[in-house]
1. Multiply the residue separation of Gln73 and Ser47 by 0.36 nm, subtract the distance between their alpha-carbon atoms, and state the gained length in nm to one decimal.
2. Any idea how far the Cα center of region 173-197 sits from the one of region 8-78, in Å?
3. If you take every residue apart from Val101 with its C-beta less than 12 Å away from the C-beta of Val101, what net charge results, scoring Lys and Arg +1 and Asp and Glu -1?
4. Just the number, please: percent antiparallel of the DSSP beta bridges in the chain, rounded to the nearest 5.
5. Among the listed pairs Lys102/Lys214; Lys25/Lys102; Lys177/Lys287, which are separated by more than 28 Å between their Cα atoms?
6. How long is the gain from Ala124 to Lys64 if the chain were fully straight, where each residue apart is worth 0.36 nm and the alpha carbon distance is subtracted?
7. From the phi angles alone, apply the Karplus equation (6.51, -1.76, 1.60; θ = phi - 60°) to region 207-213 and give each ³J(HN,Hα) in whole Hz, x where the residue is Gly or Pro.
8. Taking amide H positions as placed in the peptide plane 1.01 Å from N, state which residues far from Gln301 in sequence (5 or more) or on other chains have amide H under 5 Å from it.
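Bear in mind that the values in this text are calculations on the coordinates, not laboratory data. Fair warning: this is a prediction, and the values are worked out from it, not measured in the lab. Glycine also receives a Cβ, built like all others from the backbone with ideal geometry; neighbour counts cover every protein chain displayed.
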Amino acid sequence: MDNDNIETRVLSIQSWVCHGYVGNKCAVMALQHLGIDVDPINTVQLSNNTAYTSFKGESLSAAKLLEIFETLQHNKLANYTHLLTGYNNNAETLRTVLSIVKKLKESNPNLIYVCDPVLGDNNALYVPENLVAVYRDEVIIHADYLFPNQTEAEYLTGIKISSQDDAIRAIDSLHDKGIANVIITSCTIDNNDEDIVVIGSRKGERKFRLSVKKFDGYYSGTGDTFSALLLGYCVEQQQISGASKTQISLASACEQAVTTLYNIIKLTHNAKQLIPSSKLGEYHELKLIQSRHFIGNKQVQFPSTYI
């Protein structure tokens with residue numbers, strides 16, 4: 001992710017919650033812990049994430065989103081090197097995000113757009129269905145990096161992913177749309193329900209995969225954290241080695257991100273074992289603050305293999 005040695009500044013447009021860690025609540029913390037400046041715009045402000053039995057809050061309108069961004073521009077504060085986008089629950093607001101992408105790329109042709117196309121998980125959508133077409137036909141073609149999970153990759157490509165070969169076809173389909181870097185961030189494939197497989201590639205290069213054992217339970221915010229970590233570790237490579245965006249090892253950044261997220265989930269899982277079952281909710285928030293020492297750790301526990 002090369003920006004000619006300009007200081008890295010990320011604009012992150014996604015959700016915010018009072019309790020827990022999803023969207024900007026985890027992305028900002030992870031990126032700042034890696035020494036990266038982040039300006040968050042929150043598409044929603046909620047009491048807690050939507051997986052709970054109830055939640056309250058408000059959504060940012062398309063008009064207000066544009067107003068915030070244009071004020072940043074007016075004050076000459078929109079000199080970003082990277083844009084990260086995530087959860088959005090409204091087509092009009094999503095199209096406003098797209099207009100921001102275009103404005104940023106117009107003012108800085110080297111801007112890197114990292115898109116986490118938050119649509120759903122586990123074969124189900126948790127956003128309005130009309131957002132699928134907006135992402136598929138309008139938004140993702142502008143992304144430099146695309147990080148869908150298995151369900152999202154299926155919706156974006158129309159390819160049912162049941163095997164490694166299916167995942168490869170889905171990635172190639174996304175490359176054909178002009179997206180240079182694609183990682184499917186979590187797959188359950190080849191009749192193996194015990195492992196999570198991550199598969200990715202840079203267009204024109206060999207694909208790679210990593211696999212890790214699943215933990216029991218559901219942990220919200222893992223995809224948001226993973227996307228932020230991937231962005232952060234790519235930036236870190238560029239800062240340390242001076243590599244250009246085509247020289248950065250996507251596989252290496254993915255190895256670090258997988259290792260970090262695995263250890264965050266492991267600590268969260270182990271902490272859960274200490275809580276009386278009567279006090280456990282159905283959904284478990286990441287122990288992100290307690291896991292902060294894992295962020296930036298250079299240890300790689302899950303090396304990638306080329307496929």
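1. Here the segment from Gln73 to Ser47 would lengthen by 6.4 nm.
2. After rounding, the separation between the Cα centres reads 26 Å.
3. +1
4. 45 percent
5. Working: Lys102/Lys214 38 Å; Lys25/Lys102 25 Å; Lys177/Lys287 37 Å.
Pairs exceeding the cut-off: Lys102/Lys214; Lys177/Lys287.
6. In short, 18.7 nm is gained.
7. For region 207-213, the Karplus-derived couplings read 7, 9, 9, 9, 9, 9, 6 Hz, x marking Gly and Pro.
8. Amide H to amide H, under 5 Å and 5 or more residues apart or across chains, Gln301 pairs with Thr259.
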